[in-house]
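Report on one structure; see the data block that follows.
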Amino acid sequence: MLLERRRREFDDLFRPFRDIQRTIDRIFDETFRNLGREEFFETAFVPAMDVYETDNSINLEIELPGLDKNDIKVKVEGNVLTVSGEKKAEHEKKDRNYRVVERSYGKFERSIMLPDTVDTNKIKAKFEKGILKIELPKKEEAKEKVVDVEIE
């Protein structure tokens, strides 16, 4: 009887830990069981972007690894520049039991409101080594002018 009581006390002491372990096991089972589903491969693709300014232009550099320039569209409507496209999944899903899928795929679109100082008629874009570089030239009147003033 004493032995039975001790066993129940021992079981009660570790019950919360067993519950946690069961929960973790369930989460892992559900995650790995669902890895073959399409939605795990077609995750949101949001390309990273850097923006910097020089005296003559505002410049964008957008990372688009694995894409070809034909997969990308750049357009200006009013004062909004939009970069869009689609990064298609490259890997074969048949006969593979993926454990980790970190690369993102799918349609993307990034829109940037352009300041009035940008000359939208002179925008240039270049795609090289997975980086889309867009140059947004400033209007002449928007460029800072330095005038030396003579002191009398």
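Read-outs: derived from the displayed coordinates by stated rules, not from any lab. All of these numbers come straight from a predicted model, not from anything done at the bench. Glycine also receives a Cβ, built like all others from the backbone with ideal geometry; neighbour counts cover every protein chain displayed.
Among Ile112, Ile62, which comes first, second and so on when ranked by fewest other beta-carbon atoms within 10 Å? Working shown, then result.
Numbers: Ile112 18, Ile62 22.
With the fewest neighbours first, Ile112, Ile62 line up as Ile112, Ile62.
State the Cα centre-to-centre distance between region 48-101 and region 103-152 in whole Å.
Result: 18 Å between the Cα centres.
Going down the table (Lys75/Lys145; Lys88/Lys129; Lys107/Lys129), which pairs top 28 Å between alpha carbons?
Distance filter (> 28 Å) returns Lys75/Lys145.
Label points 7 Å out from Cα along the Cβ direction at Lys126 and Ala48: separation in nm?
So the two model labels end up 2.2 nm from each other.
For Tyr52, what charge total do you get from the other residues with a beta carbon under 15 Å from its beta carbon, if Lys and Arg give +1 and Asp and Glu give -1? Don't skip to the end; give the middle numbers.
Numbers: positive: Lys133, Lys138; negative: Asp50, Glu53, Asp55, Glu61, Glu63, Glu135.
With Lys, Arg at +1 and Asp, Glu at -1, the net is -4.
Most exposed first by the Cβ proxy, i.e. fewest other Cβ within 10 Å, how do Lys69, Lys87 rank? Spell out each step's value before the answer.
Details: Lys69 13, Lys87 19.
Ascending Cβ contact count within 10 Å gives the list Lys69, Lys87.
For Leu114, which sequence-distant residues (separation of 5 or more, or a different chain) have an amide H within less than 5 Å of its own amide H, given hydrogens modelled in the peptide plane?
The list, which skips near neighbours in sequence, is Val80, Leu81.
Which FRET efficiency value, to the nearest 0.05, is calculated for Asn79 and Glu150 with the Förster distance at 35 angstrom and r the Cβ-Cβ distance?
0.35
Where in region 96-140 is the amide nitrogen less than 16 Å from a point lying 7 Å along the Cα-to-Cβ axis of Lys88?
Answer for this model: 105-108.
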